Amino acid sequence: MHPTIETMRDVVAKGDEEALKDLLAKEVKFKPPTYYKTWTGRDPVAAVLGHVAQVFSDFKYRRIMGEGVNWALEFECKIGALDAVGVDLITLDDAGLITCFEVVMRPYKSVGALREAMNQRVMRDARFLSYKEALT
């Protein structure tokens, strides 16, 4: 397994923004399951992922598939009382940094709960006022 993916497996569940930043390329793109726009940039993406880790509970990766620069990490978690499963689709650059991080999830009700929880958290985090330009 690629060292970045091994580290990510441990760091994502903890929501450690600083450790996440070390894994992200400067212009990383994050495509969330709850929003139609893409977040771009190391700081905004690390902040979003840090908040997600606070919303998820009982998070664990079930399967990790891939090689080279393309990876799929299947996970399960809870959002409040709701169960959710999803897949993190990861693309690495030649230096091993994450350049694209896309998340697909189900079921619909759990994705809606995630969106609601994230909106509440982001509205209370002043950094996101400056991160609006990071959305494309």
Could you give me the residue pairs with C-beta distances under 6 Å whose first residue belongs to segment 22-51 and is within 22 Å of ARG9 (Cβ to Cβ), whose second residue is of a type in the set (Asp, Glu) and assigned to a helix (DSSP H, G or I) wherever it lies, and which are 6+ apart or on separate chains?
ALA46/GLU17; GLY50/GLU17
Specify which of the listed residues (VAL69, VAL45) is within 11 Å of the chain's Cα centre (by Cα) and at negative phi.
VAL45
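Going residue by residue through segment 90-101, is there one that turns out to be of a type outside the set (Phe, Trp, Tyr), more than 25 Å from THR40 (Cβ to Cβ) and modelled with pLDDT of 95 or more? Write out each step before concluding.
Initial filter on segment 90-101 (of a type outside the set (Phe, Trp, Tyr)): 90-100.
Keeping just the survivors that are more than 25 Å from THR40 (Cβ to Cβ) gives none.
No; the residues of segment 90-101 include none that is of a type outside the set (Phe, Trp, Tyr), more than 25 Å from THR40 (Cβ to Cβ) and modelled with pLDDT of 95 or more.
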With the requirement that a residue be more than 13 Å from the chain's Cα centre (by Cα) and touching a residue at least 60 places away in the same chain (Cβ under 8 Å), what does segment 72-94 give you?
LEU92, ASP93
Consider segment 67-113. How many of its residues are over 21 Å from PHE56 (Cβ atoms) and β-branched (Val, Ile, Thr)?
3
Out of the residues in segment 1-21 that are among the charged types (D, E, K, R) and loosely packed, with under 14 Cβ neighbours inside 10 Å, which is nearest to LEU73 (Cα to Cα)?
GLU6
Could you list, in sequence order, all residues of segment 22-39 that are within 16 Å of LEU73 (Cβ to Cβ) and at pLDDT below 90?
none
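The values are calculated or read from the model by the stated rules, or taken from the named source; none is laboratory data. Please read all numbers here as calculations on a predicted model, not as lab measurements. Cβ atoms come from the backbone with ideal geometry, glycine included; neighbour counts cover every protein chain shown.
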